[in-house]
1. Here are 88, 52, 74, 64: which of them is of a type in the set (Gly, Ala, Ser), closer than 20 Å to residue 141 by Cα and within 18 Å of the chain's Cα centre (by Cα)?
2. Scan segment 163-175 and tell me whether some residue there is open to solvent by 70 Å² or more (accessible area, probe 1.4 Å), over 21 Å from residue 222 (Cα atoms) and in a helix (DSSP H, G or I).
3. Out of the residues in segment 148-162 that are farther than 21 Å from residue 73 by Cα and open to solvent by 10 Å² or more (accessible area, probe 1.4 Å), which is modelled with the highest pLDDT?
4. Here are some conditions: (1) under 20 Å from residue 152 (Cβ atoms); (2) open to solvent by less than 10 Å² (accessible area, probe 1.4 Å); (3) not polar (S, T, N, Q). Residue 68 meets all but one. Which one does it not meet?
5. Tell me the residue from 111, 92, 125 that is touching a residue at least 24 places away in the same chain (Cβ under 8 Å) and part of a helix (DSSP H, G or I), please.
6. If residue 78 passes every condition in (1) at pLDDT below 95; (2) open to solvent by less than 10 Å² (accessible area, probe 1.4 Å) but one, which one does it miss?
7. Go through segment 45-74 and give me each residue that's touching a helix residue (DSSP H, G or I) at 6+ places or on another chain (Cβ under 7 Å) and without any contact (Cβ under 8 Å) to a residue 60 or more places away in the chain.
8. If I go through segment 30-44 residue by residue, how many of them are over 13 Å from residue 237 (Cβ atoms), surrounded by fewer than 17 Cβ atoms within 10 Å (Cβ to Cβ) and in contact (Cβ under 8 Å) with a residue 12 or more places away in the chain?
Amino acid sequence: MDALPDAAREGLPDGVTLVFRPTFAARWGRVTHYQCLPRRQHDDGRVTLGGAVLGAGVPAARRAALDLAVVYGALTELQAAVEARRSAEVILPVAFATLHAPYFPVLVDILHGFSDALRLRYLTLELVHVPPAATAAHLVGAVRSLTTDCRDLLVRVDPASGDLRRFHGLPVRALGTVLPAAAHEARQIAESVLAALGGDHTYWWNVQTDDERRALIGAGGILINGPSIGADCPELMGEQELA
């Protein structure tokens, strides 16, 4: 932890905890993964997740520090879960900007602070917040920089941000997106994303209903989470069958 920026070395921001979102793997027909997210419960009852826990207008260094603190905290929890025989694969979202200096060397140091066996068996990194200006070459470079440090890689696409063709052919397990809560919008976005991504494997977050889950699996979705799968957990619960 001494290598971390001050904000990350202090751990998660006050009032922020980690939650683990059960994620269904179509290949196995059960929950085998958990997506790790920072969570803040506000005084007015609102709950924010991911980068939204910091609010708007936060400097890039602070957002990167949150990424680094989440990676360290999640891997610490994963290590404890494996030792307690509650093992499951963990999906860690990491922002595209965190893969640049001065943050990337710190990220690598944190990852290498845990055993190769742990990372290469249980860790999936999800590249998120890819800016519209990032080209296909930038994406390939980002993916290659992480390939040897985890089991699998996912890349999240924003249907409204840039040309999705730049994601074609990336050497990752799957491309995916977060669906809106409104069911009719979810279907429309899923159809547009599938059309743009062609035959690539896909993953889908925030899937609301069993019907949506079945439809997306039929369309090539390999990982799915959201209300149709289960509620967030305060810790890793191991592999599970769907209720």
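1. Values: 88 fails: closer than 20 Å to residue 141 by Cα; 52 fails: closer than 20 Å to residue 141 by Cα; 74 fails: closer than 20 Å to residue 141 by Cα.
Testing whether each residue is of a type in the set (Gly, Ala, Ser), closer than 20 Å to residue 141 by Cα and within 18 Å of the chain's Cα centre (by Cα) leaves just 64.
2. The answer is no, given that none of the residues of segment 163-175 is open to solvent by 70 Å² or more (accessible area, probe 1.4 Å), over 21 Å from residue 222 (Cα atoms) and in a helix (DSSP H, G or I).
3. Step one: list which residues in segment 148-162 are farther than 21 Å from residue 73 by Cα, which gives 155-162.
After this cut, where a residue has to be open to solvent by 10 Å² or more (accessible area, probe 1.4 Å) as well, the list is 156, 158-162.
Working: 156: 95, 158: 89, 159: 84, 160: 80, 161: 78, 162: 74.
Ranking the candidates gives 156 first.
4. The single condition residue 68 does not satisfy is (1).
5. Values: 92 fails: part of a helix (DSSP H, G or I); 125 fails: part of a helix (DSSP H, G or I).
None of the other options fit; the residue is 111.
6. The single condition residue 78 does not satisfy is (1).
7. Step one: filter segment 45-74 for residues touching a helix residue (DSSP H, G or I) at 6+ places or on another chain (Cβ under 7 Å), giving 51, 54, 60, 62-69, 71-72.
Once the filter is applied, which keeps residues that are touching a helix residue (DSSP H, G or I) at 6+ places or on another chain (Cβ under 7 Å) and without any contact (Cβ under 8 Å) to a residue 60 or more places away in the chain, segment 45-74 yields 54, 60, 62, 63, 64, 66, 67, 71.
8. Summing the residues that are over 13 Å from residue 237 (Cβ atoms), surrounded by fewer than 17 Cβ atoms within 10 Å (Cβ to Cβ) and in contact (Cβ under 8 Å) with a residue 12 or more places away in the chain in segment 30-44 gives 1.
The values are calculated or read from the model by the stated rules, or taken from the named source; none is laboratory data. Because the structure is a prediction, the values reported are computed rather than measured. With ideal geometry, Cβ positions are generated from the backbone for all residues, glycine too; neighbour counts draw on all protein chains shown. The accessibility values were calculated without ligands, DNA or RNA, using every heavy atom of the protein model including side chains. Shrake-Rupley method; radii C 1.70, N 1.55, O 1.52, S 1.80 Å.
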